[in-house]
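The values are calculated or read from the model by the stated rules, or taken from the named source; none is laboratory data. Quick caveat, the model's predicted, so the values are computed rather than measured. Note: ideal-geometry Cβ built from the backbone for every residue, glycine included; neighbour counts use all protein chains shown. Only protein heavy atoms, including side chains, enter the accessible area calculation; ligands, DNA and RNA are left aside. Shrake-Rupley method; radii C 1.70, N 1.55, O 1.52, S 1.80 Å.
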Amino acid sequence: MIRAAEEVLEYPMVDQDPLDHWTVGRVTLLGDAAHPMVPRGSNGAAQAILDGRVLAARLAESGDPYQALRAYETERLAATSRVVLTNRVNPPDALLREVYDRTGDRPFERIDDVMSPEEIRRFSESYQAVAGYSHAALARP
Ligand SMILES: Cc1cc2nc3c(=O)[nH]c(=O)nc-3n(C[C@H](O)[C@H](O)[C@H](O)COP(=O)(O)OP(=O)(O)OC[C@H]3O[C@@H](n4cnc5c(N)ncnc54)[C@H](O)[C@@H]3O)c2cc1C
């Protein structure tokens with residue numbers, strides 16, 4: 001189902017509910033064709049690149065392209081579905097919403113007075129973990 005993003009966000013962009021499969025025989029999907037998402041946090045392009053990385057790796061290591069496409073789908077479909085759904089409710093710029101809520105949109109001198117560096121780091125790392133950009137995820141071969 002195509003879902004209007006303005007149902008959950010305030011600007012007219014759309015995403016799509018995660019699909020239950022991408023692969024039919026020797027054909028699979030990648031990038032926006034597989035998982036259109038609201039592009040928050042430089043996500044759409046970055047997830048397409050991560051798809052490409054995994055697809056290339058599975059094809060290179062497997063002698064069976066059918067099996068390689070299935071392995072790629074297994075790895076990336078669940079991961080990108082989490083990003084699509086997280087972007088609807090708790091996107092990377094949720095940090096801005098939190099600051100807005102805490103300050104009532106009133107000016108402030110120092111961000112540290114609103115939110116501790118530790119909280120800011122936790123916000124960032126929790127999204128990185130969902131999107132697959134955490135240091136640990138990127139360090140994996
Ligand atoms: C307004 C807007 C802002 C965005 N901002 C960001 C951002 O800040 N950061 C971010 O990471 N992402 C952003 N995105 C999302 C990002 O652009 C996409 O997620 C990304 O381009 C997807 O890459 P893709 O390769 O899957 O698809 P695409 O980049 O769409 O590539 C598909 C290609 O296939 C070609 N094609 C289509 N049909 C055929 C055909 N029949 N035969 C041959 N070729 C065909 C198309 O011409 C196109 O070149 C934004 C998107 C929009 C619309």
Any residue in region 43-50 that is surrounded by 13 or more Cβ atoms within 10 Å (Cβ to Cβ), at pLDDT 95 or above, under 24 Å from S134 (Cβ atoms) and more than 9 Å from the ligand (Cβ to nearest atom)? no
Just the residues that are away from the ligand (no atom under 16 Å from the Cβ), of a type outside the set (G, A, S) and open to solvent by less than 40 Å² (accessible area, probe 1.4 Å), please, taken from region 51-77. L69
Give the residue, chosen from R122, R82, R76, R97, that is modelled with pLDDT under 90, within 30 Å of R53 (Cα to Cα) and basic (K, R). R122
